[in-house]
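The values are calculated or read from the model by the stated rules, or taken from the named source; none is laboratory data. The model shown is predicted, which means the values in this text are computed figures rather than measured ones. Cβ: placed from backbone, ideal geometry, glycine included. Neighbour counts: every protein chain shown. Remember, those area values only see protein heavy atoms, side chains included, never the ligands or the DNA or RNA. Shrake-Rupley method; radii C 1.70, N 1.55, O 1.52, S 1.80 Å.
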Amino acid sequence: MTPPPSSEPGGLATFNIHHAFPEALVRGMRSSFLKDSDYHHLSQCETLDDVRLNLSETDYAEPLADMPTLMPSSLQKVAVDKLVVEFQYLRSQAVEPLATFLDLITYEYMIENVMLLLKGSLSGRDINDLMAQCHPLGMFKDSVMRSIPTFESTPRGYADLYQTVLVDTPVGPYFAQFLQESSMNGGSSRNVLEEVEIEIIKSSLIKFWIEDFTAYVHKLGGETAALMGELLAVRADTNAINITLNSFGTPLNEPAMRVSDRKRLYPAVGFLYPAGTSMLADVADEDELGRVLDLFPQYGAIWNIHAAGTGEKGIDDAFYERDVQMNELAFEGQMQFAVFYAYVKLKEQEIRNLVW
């Protein structure tokens with residue numbers, strides 16, 4: 001797990017000594033977000049050339065200028081690359097404990113990349129195609145990325161994958177924790193990766209990342225713990241709700257597996273933990289899930305959108321809207337690190353909006 005911070009972020013009198021410049025940068029970068037007027041004009045576009053024209057007066061003008069033909073995939077790549085360049089510059093200006101905080105943000109993308117490579121290798125997809133889909137913020141060395149899919153589909157091969165490759169990555173401790181937990185529940189660390197579905201492994205790793213990130217920000221204390229702790233708590237609850245909802249119709253919803261397997265995927269943090277997650281472990285269908293979420297007003301309203309089934313807005317859209325509102329509020333706090341996480345997540349949402 002991530003070691004405890006060597007120092008505190010500092011308060012009103014000391015924060016700016018070490019972190020004023022990167023905080024000023026990220027608050028300045030906030031001005032680059034597309035405005036309501038930009039979205040209004042983009043919604044009126046009939047062709048991709050119209051989209052390019054409307055983006056010519058935004059921060060995307062320079063990277064788009066070198067593109068002969070605009071396509072949704074190329075627009076997404078340009079936008080993601082722009083985010084990566086900005087984030088890496090922020091990281092280059094950071095000192096502890098902000099440096100570790102920014103590194104923790106990237107661990108989520110590392111987990112997603114590793115699982116993408118593992119899943120792609122099982123279906124025999126080309127490594128170059130898989131690497132092209134990996135998120136740049138979660139990349140390892142090229143040799144490490146290419147070695148991940150080159151294991152044999154045997155218990156020994158999966159064990160060697162962790163021991164020789166994943167153990168040296170920043171997310172290695174999460175894999176170790178997953179293997180240990182799985183072996184303690186009657187499995188073997190040498191065959192657990194072969195027997196468990198990739199999505200279940202990914203949910204477990206994201207759970208450990210959320211718990212580790214939460215522990216780190218609480219050790220930082222102050223405004224960072226208050227704001228970032230709330231963002232991570234909501235993220236943990238969202239994961240628990242989605243895991244439960246997506247388990248319906250799968251073996252994870254069988255009575256014997258709800259407590260033994262599904263409950264273990266719920267993060268041990270968040271507003272739902274522990275009472276809410278204990279109740280989620282017992283639900284068998286959407287009606288029971290709705291009754292549990294009705295006990296938590298902040299999630300009952302979101303669930304009602306899903307239950308209405310109008311098609312105009314799904315539960316994911318409702319979660320995205322809630323996340324945007326919370327991330328925007330993070331910028332209202334002063335002398336804290338949550339603004340860096342909020343900036344990355346708001347940029348991600350902007351990219352989704354552009355591609356859509």
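Tabulated data
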quantity	calculated
Selection from 284, 241, 3 lying farthest towards where the dipole of the chain points positive, charges on Cβ	3
Helix-only [θ]222 nm of the chain, DSSP H runs n ≥ 4, -39500 (n - 2.57) each, per residue, nearest 500	-20500 deg cm²/dmol
Estimated FRET transfer efficiency (residue 355, residue 256; beta-carbon r; R0 45 Å; 0.05)	0.65
Projected label distance in nm at residue 197 and residue 74, using a 7 Å step from Cα toward the beta-carbon	3.8 nm
Exposure rank, largest accessible area first [125, 262, 52; 1.4 Å]	125, 52, 262
Additional length obtainable on full extension of the chain from residue 298 to residue 65, 0.36 nm per residue less Cα span	79.5 nm
Residue of 274, 149, 170 that the Gaussian network model of the chain assigns the largest fluctuation, springs spanning Cα pairs under 10 Å	274
Estimated vicinal HN-Hα couplings, Hz - the stretch 58-63 in sequence order (Karplus 6.51, -1.76, 1.60; Gly, Pro = x)	10, 5, 8, 4, 5, x
Residue-normalised accessible area of the chain, expressed per residue, 1.4 Å probe, Å²	48 Å²
Sequence ranges 197-206, 289-298, ranked by mean other-Cβ count within 10 angstrom, highest first	197-206, 289-298
Shape call, the stretch 1-120: gyration tensor on alpha carbons, a/c limit 1.5	oblate
Compactness of the chain as Cα Rg over 2.2 N^0.38 Å, two decimals	1.04
Mean Cβ count within 10 Å, highest first, over the residues of peptides 96-102, 264-270, 135-141	264-270, 96-102, 135-141
Dipole in debye (nearest 20) - the stretch 301-356, about Cα centre, beta carbon charges: Lys, Arg +1; Asp, Glu -1	80 debye
Accessible surface of the stretch 3-112, 1.4 Å probe, proportion on carbon and sulfur as whole %	55 percent
Residue 321 accessible area, 1.4 Å probe, all protein chains in place, Å² to nearest 10	90 Å²
Accessible surface of the stretch 218-353, 1.4 Å probe, proportion on carbon and sulfur as whole %	53 percent
Of 219/347; 119/141; 82/345, pairs whose Cα-Cα distance is over 21 Å	219/347
Förster-model FRET efficiency, 25 Å R0, residue 271 and residue 163, C-beta, rounded to 0.05	0.10
Linear extension gain, residue 329 paired with residue 44, 0.36 nm per residue minus alpha-carbon span	99.7 nm
Estimated dipole of the stretch 92-147 in Debye, rounded to 20 [Cβ of Lys and Arg +1, of Asp and Glu -1, Cα centre]	200 debye
